[in-house]
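Below is one structure, written out as structure tokens; comments come after it.
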Amino acid sequence: MMTLAPQTAQTPTDEDAAMPPRADCLADSAGGLTFDVAETGESGDTHLVLVHRDGLQEVRLPLAPAADGRLRAALPSGVALPEGRWDAFAQTGDGEPRRLTPGLNDLRSLVDRVPSGARGHVAVRIPYATKHGNLSIRSWLRAPHAEAGELHIGEGTLGVHGQVYGVALTPDAYVEPAGREETRPAPRFEIHRDQALFRFTVDYTALPEGVWDLWLRPAGESGPRVRIARLLDDIADKKPIFTYPKVTVDTAHGPVTAGPYYTGDNDLSITVTPTTP
Amino acid sequence: MQISFLIHNAYGIGGTIRTTYNLANTLAEQHDVEIVSVLRHREEPVFARNPRVRLRHLVDLRKGSPGYEGDDPEHLKPARVFPKGEIRYEQYSALTDRRIAGHLSTVDADVVVGTRPGLNVHLARETRRGPARVGQEHLTLDSHSVGLRTELRGAYPRLDAVTTTTEADATAYRTKMRLPGVRVEAVPNSVPAPGIEPADGTGKWVVAAGRLAPVKRYDLLIRAFDLVRAERPDWRLRIYGSGKQKDKLRHLIDELGLYNHVLLMGAANPIEPEWAKGSIAAVTSSLESFGMTIVEAMRCGLPVVSTDCPHGPGEIIDNGVDGRLVPVGNVQAIAGGLLELINDDALRRQMADAALKDSERFDPSRIAERYESIFNGLVSRGGTSKIGRVRGSLHRTRGALLGSAYAVRDAGLTVFGKERSA
């Protein structure tokens with residue numbers, strides 16, 4: 001662990017020029033982000049450029065002079081940022097865009113975040129360091145959204161607690177697991193609801209082997225399908241941090257090992273695999 | 001003043017390296033400062049360097065660099081001056097011996113500072129007459145092997161000052177080593193103010209950070225948090241860091257059913273924004289040679305609940321004022337300390353304010369002043385006058401003789417004893 005000295009406006013030297021520019025990120029509880037970078041010393045307008053990994057979409061934000069010789073760009077919650085991973089660059093004039101590296105990411109307002117969901121959607125942007133040490137933004141845009149909270153591992157069951165945003169739960173609501181390779185109709189799990197809060201229990205023995213993605217049908221068959229996911233905090237990649245015990249369950253086809261996990265997109269899924277003796 | 005630091009590897013990551021940059025960067029505002037790195041294995045240092053601090057290396061280990069010296073036959077021969085009992089011994093060689101000796105015999109400085117015991121031995125034996133010789137201890141005397149302690153007894157009398165990070169360790173040096181005329185001073189490590197707002201104390205999170213190593217006793221912290229959860233299930237714990245204990249700790253979390261309450265976060269860099277997400281910090285170590293994370297957390301506005309282990313925590317935390325000290329190894333006591341602060345919002349905020357204020361004494365500017373005053377004292381004592389120089393060298397000769405006497409007594413303890421009188 002280390003301390004990064006604050007970048008002040010120093011006269012750039014040759015050595016500084018070789019160093020990649022660093023951006024400090026500040027998140028607000030509404031989902032907006034502010035980026036601070038040191039002055040480049042080059043002439044021309046500077047932009048923060050976010051490039052989607054699909055290579056097609058690009059968002060350009062002006063980096064305007066702020067205090068202490070630094071440049072600041074804002075990505076307000078109201079500006080839509082389609083779902084995916086966005087790589088961050090700084091570009092002055094029509095010069096070569098320079099990949100940004102993460103400085104201080106102050107994401108405290110994202111921890112235990114409870115958005116209003118009033119606009120019918122939930123927007124989440126989490127800055128993170130890539131494995132190469134560069135700055136990228138992970139974005140989710142869900143309308144509506146079903147947030148997973150505490151999970152409870154029982155004997156042969158998984159209890160899930162959650163909350164919906166941007167949609168109401170009706171008496172017809174249920175949870176529908178969708179098999180990645182399974183084409184047979186899947187079982188349904190009924191939910192208990194308390195206004196926007198819901199909970200349900202998955203009986204592992206009801207799931208054939210395979211990977212099962214959990215979907216919420218808040219208004220029953222006729223309404224939307226909402227992927228259950230865990231998005232509302234400061235952790236860009238849930239999989240390695242939110243891990244849960246697996247349990248072994250006896251089924252008609254022999255013993256299986258089952259457990260929940262978060263996918264690369266932080267969606268909640270279940271694996272059911274034959275237990276190897 | 002001209003100040004020259006000698007460090008194992010200024011291009012790596014670690015507590016000593018970070019604290020050396022903090023100190024050198026601050027001293028460079030007033031003085032001429034250089035860092036000499038014995039080894040260099042990468043292009044750029046990880047830690048930020050004040051451009052006024054000069055940085056150079058003695059042996060180039062950058063793979064693929066035209067100056068690469070890792071295959072030099074001299075580098076494959078074992079070191080003779082660098083002490084065998086040092087944990088870094090394997091990384092030193094006849095080549096490092098020669099380069100370090102060459103550097104110290106010509107060093108252009110008023111003060112030379114060694115940053116680990118093996119380098120302090122070089123400093124004591126090989127620094128040209130003139131500069132004051134300061135040996136820093138970043139671990140503790142008691143943590144060294146018998147062989148290394150014997151070696152240090154022989155060499156350290158020829159230093160002008162030894163600095164430790166705690167008073168407890170300074171006392172150990174004063175009582176267990178015979179160091180006539182050598183100034184022994186405790187100077188804590190410095191921690192800069194974080195570049196972000198301090199924690200506001202509203203988040204229901206306890207935060208811990210450090211290597212996932214047995215000495216940190218995170219198993220106790222997790223068990224203590226099981227007791228916390230029984231009373232306050234709305235609070236949770238984040239542990240930052242990586243290490244060999246990870247799977248064991250993961251297993252313990254699952255066994256106790258704490259997977260909704262205790263998160264193993266992995267390594268975080270920088271750590272300050274992570275402290276700021278919590279409202280209480282926890283340290284459950286059985287040993288902390290200083291306790292850098294305690295100061296870091298306090299500077300981010302967190303009161304720390306820490307075991308009162310040797311050596312640092314008790315010298316950093318003012319018990320009941322800016323944090324809470326609890327007995328070592330006691331799960332109930334750790335949980336009690338955490339719950340005391342969890343259950344009393346007013347007390348927690350009051351301690352958080354005190355932690356912010358009290359940790360200012362570790363600011364690099366204050367710590368640099370302490371060093372400055374020690375250096376000034378040594379430079380005026382050694383002086384540039386002829387008399388001063390003679391006095392200085394007399395003290396060193398006497399020290400060397402006394403050191404040899406100790407070495408003879410200890411010779412039976414170690415096979416390295418023979419090298420002592422060199």
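The values are calculated or read from the model by the stated rules, or taken from the named source; none is laboratory data. Keep in mind that this is a model prediction, so the values were computed, not measured. Every residue, glycine as well, gets a Cβ built from its backbone with ideal geometry; the counts of neighbours run over all protein chains shown. These accessible areas exclude ligands, DNA and RNA; they are computed on the full protein's heavy atoms, side chains included. Shrake-Rupley method; radii C 1.70, N 1.55, O 1.52, S 1.80 Å.
Would you mind pulling out the separation of the Cα centroids of the stretch B:24-39 and the stretch A:190-231, in Å?
The two parts, judged by their Cα centres, are 60 Å apart.
Under a plain spin-label model, where a point goes 7 Å from the Cα along Cα-to-Cβ, how far apart in nm are B:ASP344 and A:GLU150?
In this crude spin-label approximation the distance works out to 2.7 nm.
For a distance above 19 Å, tell me the whole-number percent of Cα pairs in the stretch B:116-255 that qualify.
Taking all Cα-Cα pairs of the stretch B:116-255, the fraction more than 19 Å apart is 65 percent.
Using just the C-alpha positions of the protein assembly as shown as equal point scatterers, what log10 of I(q)/I(0) does the Debye formula give at each q in 0.07 1/Å?
-0.58
What FRET efficiency comes out for the pair A:GLU221/B:ASN269, r = Cβ-Cβ distance, R0 = 51 Å, nearest 0.05?
The formula returns an efficiency of 0.60 here.
Please go through the stretch B:280-388 and write out the chymotrypsin sites (Phe, Trp or Tyr not before Pro) that DSSP classes as loop and that have at most 12 other C-beta atoms within 10 Å.
Here no loop site has a sparse enough neighbourhood.
Out of all DSSP beta bridges with both ends in chain B, state the antiparallel percent to the nearest 5.
5 percent
Rounded to two decimals, what ratio of Rg to Rh does the stretch A:145-274 give with C-alpha atoms and a Kirkwood Rh?
For the stretch A:145-274, the value is 0.95.
What trypsin sites (Lys or Arg not before Pro) in the stretch B:203-298 are in a loop by DSSP, with at most 13 other Cβ atoms within 10 Å of the Cβ?
Qualifying residues, ordered by number: B:LYS244.
Considering every pair of different Cα atoms, what Kirkwood radius, in Å, is found for the stretch A:21-101?
Result for the stretch A:21-101 stands at 13.0 Å.
Return the residues of the stretch B:251-286 for which accessible area with all protein chains present is lower than in the chain on its own by 50 Å² or more; set the probe to 1.4 Å and exclude ligands, DNA and RNA.
B:TYR259, B:ASN260, B:LEU263, B:PRO270, B:LYS277
How high is the FRET efficiency from A:ARG180 to B:SER373, r the C-beta distance, R0 56 Å, rounded to 0.05?
Result of the calculation: an efficiency of 0.25.
Would you mind finding the longest exposed-site-free stretch of chain A, with exposed GluC sites (Glu not before Pro) meaning DSSP loop and at most 10 other Cβ atoms within 10 Å?
Result for the longest clean stretch: A:1-154.
Stokes-Einstein at 4 °C, 1.567 mPa s, Kirkwood radius from Cα pairs: D for the stretch A:88-183 in µm² s⁻¹?
Once the numbers are plugged in, D ends up at 75 µm²/s.
With every protein chain left in place, what is the accessible area per residue of chain A in square angstrom, probe 1.4 Å?
Counting only protein heavy atoms, the per-residue value for chain A is 47 Å².
What number in nm² do you get for chain A if you take the convex hull of its Cα atoms and divide its surface by four?
With every direction weighted equally, the projected area is 17.9 nm².
Please build a GNM for chain B, connecting alpha carbons under 10 Å apart, and tell me which residue among B:MET265, B:MET298, B:MET351 fluctuates the most.
B:MET265
What's the longest uninterrupted piece of chain A once you rule out the trypsin sites (Lys or Arg not before Pro) that are loop residues per DSSP with at most 13 other Cβ within 10 Å?
So the longest stretch without any such site is A:54-118.
If you filter the stretch B:53-131 for chymotrypsin sites (Phe, Trp or Tyr not before Pro), then keep DSSP loop positions with at most 15 other Cβ within 10 Å, what is left?
Passing sites in the stretch B:53-131 are B:TYR68.
Residues of the stretch A:135-176 losing 40 Å² or more of accessible area relative to the isolated chain, 1.4 Å probe, heavy atoms only?
Those are A:GLU150, which lose 40 Å² or more relative to the chain on its own.
Rounded to the nearest 100 Å², what's the accessible area chains B and A bury against each other, both chains counted, probe 1.4 Å?
The summed interface area works out to 2900 Å².
Please report the projected area of chain B's Cα convex hull averaged over all directions, in nm².
21.1 nm²
Here are some pairs, A:LYS246/B:LYS244; B:LYS63/B:LYS248; A:LYS238/B:LYS357; which of them have Cα atoms lying more than 28 Å apart in this structure?
Those over the limit are B:LYS63/B:LYS248; A:LYS238/B:LYS357.
Computing the accessible area with a 1.4 Å probe over protein heavy atoms, can you report the carbon and sulfur percentage for the protein assembly as shown?
For the protein assembly as shown, the apolar C and S fraction of the accessible surface comes to 51 percent.
Keeping all protein chains in place, calculate the accessible area per residue for chain B (probe 1.4 angstrom), answer in Å².
Counting only protein heavy atoms, the per-residue value for chain B is 40 Å².
Once the piece of chain linking B:VAL146 and B:SER365 is laid out straight, how much longer is it, given 0.36 nm per residue of separation minus the C-alpha distance between them?
Length gained, B:VAL146 through B:SER365: 75.2 nm.
Given the C-alpha atoms of the stretch B:205-362, compute the convex hull and give its volume per residue in Å³.
Dividing the Cα hull volume of the stretch B:205-362 by its residue count gives 93 Å³.
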